[in-house]
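The values are calculated or read from the model by the stated rules, or taken from the named source; none is laboratory data. Since the model is a prediction, treat every value here as computed from it, not as a measurement. So basically every Cβ, Gly included, is an ideal-geometry build from the backbone, and we count neighbours across all protein chains shown.
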Amino acid sequence: MTVVRSGGFRRIAIGLPYLWLAVLFLVPFLIVLKLSLSQIATAIPPYTPTFDDPATWWDSLRQLTFENYAWIADDPLYLNSYLISLRIAFFSTVFTFMIGYPLAYAMARAPEGWKPFLLMLVILPFWTSFLIRVYAWIGILKPEGLLNQFLLFLCVIDQPLVITNTETAIFIGIVYSYLPFMVMPIFASLDRMDPRLLEAASDLGSPPLKSFWSITFPLSLPGVVAGCFLVFIPAVGEFVIPDLLGGSSTLMIGKTLWMEFFNNRDWPVSSAVAIILLLILVVPIVVFQRIQDREAAK
Amino acid sequence: MRHRLSGFNLVSLVLGFGFLYLPIVILVIFSFNASPLVTVWSGFSTRWYTQLFQNQGLLDAAWVTLRVGLISATMATILGTFAAIALTRYTRFRGRVLFTGMVYAPLVMPEVITGLSLLLLFVAVDFDRGFWTVTLAHITFSMCFVAVVVQSKLLSFDRSLEEAAMDLGATPAKTFFAVTLPVIWPAVAAGWLLAFTLSLDDLVVASFTTGPSATTLPMKIYSQVRLGVTPEINAVCTILIAIVTAGVLTATLLNKRRQVRREREGQAAFA
C-alpha cells in the first residue's frame, strides 16, 4: 500500500511539471523550429504549415526550405541587428561592471548591521517593472527632460543634448535595469571572503591597493563572471529598452523580431530570426552553466 | 571584511543607490504634479489619481492583470515546487536531463522567443487567444523561477528529518506536507511573490499571447508610453511601485520575525 502511494506522490511531483513543460515549452519550441523551415503564405495564420499530417510526412520533409535562413543571411539588416545586439550587450555589461563593482565592494565593507538593509535596497528595484523603470528614464533623458533642464540651468551646455533615441540611452537603460544582477553575485563572493587574508597581507607590509589587486579581486572573480553573464545574456535579446529608449535608429535583434512578427507579419522569418538568436545565445549559456556547476561542486 | 568605510566606499554607495533610486523618486514626485507636463513642477495635486479611477480602459486592464497574476502565480508555485522536489529528491528518473534543461532554459530564454513560441502553439491547436492563453504563458515561465527559488531551500534542508518521518511510517506525501512544506514555506511564499510580480510586469510575452479580448496593464502602459510621457502613467506606475514595495517589505519583515522567533526558541531550548 505504502509503496503504491509513494509511487503516486513521486509520479505527480515529476510528472506534472514534466508534462506541463513538455507541452508548453518543448512543443512550442519545436513549432518555431518547424516554422522557420516553412514558407510564408498570406493566410491566417500567415504561414504554410509543414508536415502536420503524418501520412504526408515524407512529402513535407522534401518541402522543408532553408529559404528563410538564406533570406536572413542575404539581408544586411538582420546581420547588423545581431552584431548591434552583441556589441550593445557587451559594452553594457562592461559599464554595468564598472558601476556595479564599487557598489558591491562598498556594500561588503559596510558594517554588518547595514548589510540586510543595503541588500534590500539593491533587490527592491529588481521587483519593480522593467517597463516602469525604463519609462522613468524617458522623462529624464528627453530633450526637454530633467537632465537637460538641469544641465542648461548649470550652464554646462547651451543646447539640449539629444540622448533619447540614441545608443547612449540604450546603454543607460540596460545598465540601470540590470545593475542588481551584477551587484548581487559580486557582493555574495566579496562577503564570503575571509577578512584575515587582508590582515595577513597588511601585516606582511602589502599596501591596500596591492592587497586589493592580488587578493580581493581574484577572490571575487566568480561573482564577477556570474554577474557579467547575468547581464550579457538577457541584454542580447532585450526588447523593451531598445524600443522605448533607442527609437527607430537602433535595431537590436529583439526589436527586429518583434517588428518582423507584428508589423510585417512574416512568421516564418521571425521564427528563423528566433532560432539564430538562440544559437548565438547557446554558447554563453552553456559556458555559464559549466562555470556555475564547477562553483557548486567546490 | 573590515568594518571601515573609506571615502571612496561612501561615494560608491551614495552614487550607486542614487542612480538606482533617483529615476523612481522623480517618477513618483511628478505623478503629483498639477501640470500636465511631466517635467515642469507647478504645484501638488492628486488630480491624475482621481482621473485614473475614471479611466475605464485602464481599470479593466488592471483587473485582467490582477486576475492573471493571482491565478498564474498560484499555479506556478504548485508546479514549480513539484519541479524543485523532482530536481532535488528524485535524482533518478527517465529523461531527467531533459527535465533539468526544460526547467532552466526558460530562465535565460529571451522573452521575445518565449512569447513567439507560445503564440505559435496556441495558433497550431486553434486555442482562442485571450485571458487564458496569457495565464498559461505566465505559468510556464514563472514556474521555472519558483522551482529555482524552492530548490535552493530544499538543498539546504536537513534531510534526516524527512528520513526520520519516513522511517516512522509516513508516506512521501504525508512527509512532504507535515515535515518538508512547513520548513520550506518561506521559499514557497517568496516564489509565489516572484511569480506574481513577474506576471504583473510582463509586457512582451503577454503581447504575443493575448487576443483582442484581454489587454493587460503593462500593454496599456506601453501603448500610452509610445505616445508620450504623461502624469497619468506616472500615477499608474506609482501605484504599481507602491504595491510591489509593500509586498516585498511585508515578506521580508515576516521572514525576519520568523527567524528571530526561531532563534529565540533555540536559545530557550538550550537554556
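Could you please let me know if B:VAL179 is surrounded by fewer than 15 Cβ atoms within 10 Å (Cβ to Cβ) and among the β-branched types (Val, Ile, Thr)? No, not satisfied. For A:PRO268, the conditions (1) crowded, with 18+ Cβ neighbours inside 10 Å; (2) modelled with pLDDT of 90 or more all hold with the exception of (2).
If you go through segment B:11-22 and pick out every residue that is facing chain A (nearest Cβ under 7 Å) and either more than 24 Å from B:VAL244 (Cβ to Cβ) or modelled with pLDDT under 90 (or both), you end up with 1. Looking across B:ALA178, B:ALA195, B:ALA187, one residue alone is more than 30 Å from A:GLY237 (Cβ to Cβ) and small (Gly, Ala, Ser). It is B:ALA178.
Scanning segment B:73-113 for residues that are touching a Phe, Trp or Tyr at 6+ places or on another chain (Cβ under 6 Å) and touching a residue at least 60 places away in the same chain (Cβ under 8 Å) yields B:ALA73, B:THR77, B:LEU79, B:VAL112. B:VAL68 meets the stated requirement of being touching a residue at least 40 places away in the same chain (Cβ under 8 Å), touching a His at 6+ places or on another chain (Cβ under 8 Å) and either more than 19 Å from B:PHE157 (Cβ to Cβ) or assigned to a loop (DSSP other than H, G, I, E, B) (or both).
Entry remark, segment B:79-92: residues being under 18 Å from the mean Cα position of the chain (by Cα) and among the β-branched types (Val, Ile, Thr) number 1 in total. Residues of segment B:185-226 being without any contact (Cβ under 8 Å) to a residue 60 or more places away in the chain and farther than 28 Å from A:ILE241 by Cβ, which ones? Result: B:TRP185, B:ALA187.
B:GLY95 meets each of the listed conditions (1) at the interface with another protein chain (Cβ under 8 Å from one of its Cβ atoms); (2) of a type outside the set (S, T, N, Q); (3) surrounded by fewer than 17 Cβ atoms within 10 Å (Cβ to Cβ); (4) within 20 Å of the chain's Cα centre (by Cα) apart from (4). Going through (1) touching a residue at least 24 places away in the same chain (Cβ under 8 Å); (2) within 23 Å of B:VAL14 (Cβ to Cβ) one by one, A:ILE138 falls short only on (2). Taken residue by residue, segment B:215-225 has no member that is modelled with pLDDT under 90, touching a Phe, Trp or Tyr at 6+ places or on another chain (Cβ under 6 Å), part of a helix (DSSP H, G or I) and closer than 30 Å to B:LEU154 by Cβ.
B:TRP192 meets each of the listed conditions (1) crowded, with 17+ Cβ neighbours inside 10 Å; (2) touching a Lys or Arg at 6+ places or on another chain (Cβ under 6 Å); (3) more than 12 Å from chain A (Cβ to nearest Cβ) apart from (2). Given the condition within 13 Å of another protein chain (Cβ to nearest Cβ), surrounded by fewer than 14 Cβ atoms within 10 Å (Cβ to Cβ), over 30 Å from A:PRO208 (Cα atoms) and under 29 Å from the mean Cα position of the chain (by Cα), answer yes or no: does some residue in segment B:59-78 qualify? No - not one qualifying residue is present in segment B:59-78. The one condition from (1) at pLDDT below 85; (2) within 12 Å of another protein chain (Cβ to nearest Cβ) that A:ARG62 does not meet is (2). Looking across segment A:171-214, just one residue is charged (D, E, K, R) and in contact (Cβ under 8 Å) with a residue 40 or more places away in the chain, and that is A:ASP191. Select from segment A:230-253 the residues that are over 25 Å from A:GLY145 (Cβ atoms) and of a type outside the set (Val, Ile, Thr) and write down the one among them that is farthest from the other protein chains (Cβ to nearest Cβ). That would be A:PHE232. Annotation note: Cβ proximity below 6 Å between a residue of segment A:110-129 that is facing chain B (nearest Cβ under 7 Å) and a residue that is in a loop (DSSP other than H, G, I, E, B) and surrounded by fewer than 17 Cβ atoms within 10 Å (Cβ to Cβ) (sequence gap 6+ or interchain) occurs for A:PRO111/B:HIS3.
Scanning segment B:197-217 for residues that are over 30 Å from B:GLY43 (Cβ atoms), facing another protein chain (nearest Cβ under 10 Å) and not β-branched (Val, Ile, Thr) gives B:LEU198, B:LEU200, B:ASP201, B:ASP202, B:LEU203, B:SER207, B:PHE208. Note on segment A:65-178: enclosed helices (runs of 4 or more DSSP H) holding 1 or more residues that are among the hydrophobic types (A, V, I, L, M, F, W, C) and farther than 30 Å from A:GLY223 by Cα are A:67-74, A:76-109, A:130-141, A:146-153.
Whether a residue is modelled with pLDDT under 85 and surrounded by fewer than 21 Cβ atoms within 10 Å (Cβ to Cβ) was assessed, and B:GLY266 passes this test.
State yes or no: is B:ALA124 out of contact with any Asp or Glu (no Cβ under 8 Å at 6 or more places or on another chain) and facing chain A (nearest Cβ under 10 Å)? So B:ALA124 passes the test.
When segment B:98-126 is filtered for residues that are surrounded by 17 or more Cβ atoms within 10 Å (Cβ to Cβ), over 21 Å from the mean Cα position of the chain (by Cα) and of a type in the set (Gly, Ala, Ser), only B:SER117 remains. I'd like the residue in segment A:199-229 that is modelled with pLDDT of 90 or more and within 12 Å of chain B (Cβ to nearest Cβ) and, out of all such residues, is nearest to A:PHE97 (Cα to Cα). Per the stated criteria, the residue is A:PHE229.
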